[in-house]
Amino acid sequence: MDKRARMKFLLNEIEEKKEMPISEFFSYIAINYGIRRPTGEEYLEAWLDGGFIRIENAIIKFVKRPEYLE
């Protein structure tokens with residue numbers, strides 16, 4: 001799975017849950033996919049920049065799907 005596919009898949013996971021603690025997200029991606037924390041931070045930054053998620057009080061909250069996923 002390439003980076004883009006991983007990012008789409010993980011954003012879908014956040015969408016299904018609606019929200020999740022950042023620590024749970026980092027643990028989930030490390031244990032299930034071997035994705036390191038710096039990479040997870042990069043994904044979160046890209047999603048924040050795109051307005052797809054918000055982070056409030058260390059909780060990731062889903063906002064919207066990217067147009068390319070609709």
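Read phi for every residue in region 53-65 and hand back ³J(HN,Hα) as whole Hz from Karplus 6.51 cos²θ - 1.76 cosθ + 1.60, θ = phi - 60°, with x for Gly and Pro.
Coupling constants for region 53-65: 9, 10, 10, 10, 6, 6, 10, 7, 10, 6, 10, 7, 8 Hz.
Can you work out the Karplus-derived ³J(HN,Hα) for every residue in region 22-31? Use 6.51 cos²θ - 1.76 cosθ + 1.60 with θ = phi - 60°, whole Hz, and x for glycine or proline.
Residue by residue, region 22-31 yields 4, 4, 5, 4, 4, 5, 4, 6, 5, 5 Hz.
Given the DSSP H assignment, sum -39500 (n - 2.57) over each helix run of at least 4 residues in the chain and divide by its residue total; what's the result at 222 nm in deg cm²/dmol, nearest 500? Write down the numbers at each step before the final one.
Details: 3 runs with 41 residues, N = 70.
It lands at -19000 deg cm²/dmol.
In a Debye calculation with equal point scatterers on the alpha-carbon sites of the chain and no solvent, what is log10 I(q)/I(0) at q = 0.13, 0.19, 0.24 Å⁻¹?
The computed values of log10 I(q)/I(0) come out as -0.31, -0.69, -1.16.
We did not get these values from a lab; they are worked out from the coordinates using the rules stated. Since we're looking at a predicted model, the values are computed, not measured.
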